[in-house]
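The values are calculated or read from the model by the stated rules, or taken from the named source; none is laboratory data. All of these numbers come straight from a predicted model, not from anything done at the bench. Cβ placement follows ideal geometry from the backbone for every residue including glycine, while neighbour counts extend to all protein chains displayed.
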Amino acid sequence: MSRPTNLTNTLMLMLLLGTSATLSGALGMLLMASSVVVVYGTCIGPLRSKLSGNSLMLASVLLAATVTSCANILAQRWALQWHQALGVYGGLIALQCVVLEYNGFFRQALAQRLRFFGLASGLLLALAALRELFGQGHLGRGLSEHWQGLVLFSDGLHLLTLVPGAFILLGLLLAARQAWTRSNALSKETHHP
Amino acid sequence: MNRAASVITLALMAGTGLGLTYMVQRVSAPQIASEQRLLDSRKLLDVLALDAYDNQPLEQPLALTDTTLSHSTLLAGYRASKAGLPVAVLLRSQTEGYAGVIELLIAIDANGRLLGVKTLRHNETPALGGLIGDWPNHWLATFTGKSRNAPDDAGWALKKDQGQFDQLAGATITSRATVNAIHDALRYFDEHRATLLGSGS
């Protein structure tokens, strides 16, 4: 895509880093974000044929704000404890919707959209699992009332539970991916001289 | 598409959005408030096991008399019961610590033994007396199971004062105030047992 895309994509980092402290929190945010995006996607469809340019952007902001505030209230209603911990990030989902709209996500083919959704949620869940496991020493706590989660260490690296730690971990993951793809490319080159 | 039509569409959207959000808020508000109450009371009552009681202790505060004790003041009292039988009395006690008031929630079972103590509010020095605010609290757990007469009056003091309890390191005044407040609450329970547990027992 065009270059401004990269800049707008960084707006999604806040949600990713903020809500990935525990697996249960990340799952809750994933559920909320995906339902908001689905509702938003269905509602913006008919509007797109009627509006264009700036007014479409404005409509997108209005719609995203409406859906997100309703979802926020419902989250308070059904999962107040989760909302008290991570609810501040809930409002950012509206921003995600507008960014996705701006990037043309809702005009892509379904398969492409699903692929992007899978990648994004996979990254969120992987980051959350790694942070909970190495930051607090357990995995999946809070998913069920009767289960303490998979306890591996009694104590973890405190830095990882904080947002800067998440940023560092994300950097490490990106570096690992880069190293992986590069070594693959190199080995291919040596196999086919 | 002309300009007027888009302006009308946007205005309609804004109106619908506002209305919808307001409706959802109106419909959900009572349930959110009750969830909030439940969460607050769980936070306050986690000195008791979740299945130890089946009433809403905070909804029916007890009327306390003579609330000024020798080292502390009682602010409120609640009774937890299960199937109509009283299982515990919770006393909210306030005492003077090193750097201001300490507010404790002291849970006493029907036989006068201490079930648990939780700090609700304090201003003590962080990492010294401030450790009293941690939950779950290792030091406060050492009082569990004690009662007014076990240990006896002389034993209800810090080891420094020839009693039998350890203190928080570097926080003698905080520890002394806490021990005295707990002992006060147990004594009060013993003296007002019938009224605190209700006429049923």
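Looking only at residues in region A:45-70 that are more than 9 Å from chain B (Cβ to nearest Cβ) and surrounded by 21 or more Cβ atoms within 10 Å (Cβ to Cβ), the one that is farthest from A:ASN103 (Cα to Cα) is A:THR68.
Provide a single number: the residues in region B:16-74 that are of a type in the set (Ser, Thr, Tyr), over 16 Å from A:LEU80 (Cα atoms) and within 14 Å of chain A (Cβ to nearest Cβ). Result for region B:16-74: 3.
Where residues in region B:95-109 are more than 9 Å from the chain's Cα centre (by Cα) and buried (at least 19 other Cβ atoms within 10 Å of the Cβ), which of them is nearest to B:THR67 (Cα to Cα)? Among residues in region B:95-109 that are more than 9 Å from the chain's Cα centre (by Cα) and buried (at least 19 other Cβ atoms within 10 Å of the Cβ), the one nearest to B:THR67 (Cα to Cα) is B:THR95.
For region B:113-129, a residue qualifies if it is surrounded by 19 or more Cβ atoms within 10 Å (Cβ to Cβ) and more than 13 Å from B:LEU48 (Cβ to Cβ), and the qualifying residues are B:THR119, B:HIS122, B:GLU124, B:GLY129. Which of the residues that make up region A:74-103 are buried (at least 22 other Cβ atoms within 10 Å of the Cβ) and β-branched (Val, Ile, Thr)? Listed by number, the list holds a single entry, A:ILE93.
Counting only helices (runs of 4 or more DSSP H) that fall entirely inside region A:78-153 and contain at least 2 residues that are within 14 Å of another protein chain (Cβ to nearest Cβ) and within 29 Å of A:ALA64 (Cβ to Cβ), the qualifying elements are A:80-86, A:92-102.
If you check B:ASP54 against the conditions, is it part of a loop (DSSP other than H, G, I, E, B) and acidic (Asp, Glu)? For B:ASP54, the condition - part of a loop (DSSP other than H, G, I, E, B) and acidic (Asp, Glu) - is met. Annotation note: of B:ALA181, B:ALA154, B:ALA185, B:ALA177, the sole residue that is in the same structural domain as B:PRO61 (by TED's automatic domain parsing) and surrounded by fewer than 12 Cβ atoms within 10 Å (Cβ to Cβ) is B:ALA154.
The condition (being more than 12 Å from chain B (Cβ to nearest Cβ), part of a helix (DSSP H, G or I) and within 19 Å of the chain's Cα centre (by Cα)) is satisfied by just one residue among A:SER20, A:SER35: A:SER35.
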